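All remarks here apply to the structure that follows.
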Amino acid sequence: MKAKILLIGCMLSALTGADASAAVITMNPITGAKPNTSNPYTTGISSDYASLLTATGIGRGAGITGVNMNDTYSANGFATGGTLNTANNDYFTFTITANPGYQIDFSDFTFNGLRLVNGPSSLALRSSLDGYASNIGTVVATSTSATTHTVDLSGTDFLDVTDVTFRLYGYNATNNFGQGQYSVNSYEFNGTVEAVPEPQSLALVGVGSLLMFGYLRRTRKEADAVA
């Protein structure tokens, strides 16, 4: 009986993807001449799950204007207010869609970027999953030196996702245009992409869990009896 329970435990681990390790969902080092001339910019996208999803690359909202710089995706025109107003449409955007039958578990979003002296001093990541209503994690304080930032996406809100758009909003600029840009030098979303469990698999998980619970309960009773 014990051997059967151990076998069921191994099967449950395989079915639930417990041993899956995070990899690159989509990334782009952003190289080349004037990437901002494309909206979105897709050249250079790569993924460890290229056959299981599609990604639009990096784009920008209607509230900001592309700036001609090489090897970076740059824009200016960010709002000067100290409070984020999503209606300004001052954001960089990324859309990721799993292929039919698959789902995405995100772990983090990492990007490298910098602002010019009058650029936005605050960045906030939001997603379409709640209609861009709330920040994900804490507001990112930007720097005039190239800096790498990581936003944690390991919460339950970003598990079993089939389609999502992330927006990286910029605000609190000193000047809308004069040296007021922010540049994204590279970015990557990390996590795993797995097949959506079939109903039969979910049923097996339920039965296996009950068997394991029963075995552990019986073992506990036997131990109490001996004591």
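Give me the distance in nm between label points sitting 7 Å out from Cα along the Cα-to-Cβ direction at THR110 and VAL196, one decimal.
3.1
State, to one decimal in nm, how far the label point of THR156 lies from the label point of VAL139, with both points 7 Å from Cα in the Cβ direction.
2.9
None of the figures in this text is laboratory data; all of them are computed from the coordinates on show. Note that the coordinates shown come from a computational prediction; the quantities given were computed from them, not determined experimentally. Using ideal geometry, Cβ is built from the backbone for each residue, glycine included, and neighbour counts are taken over all protein chains shown.
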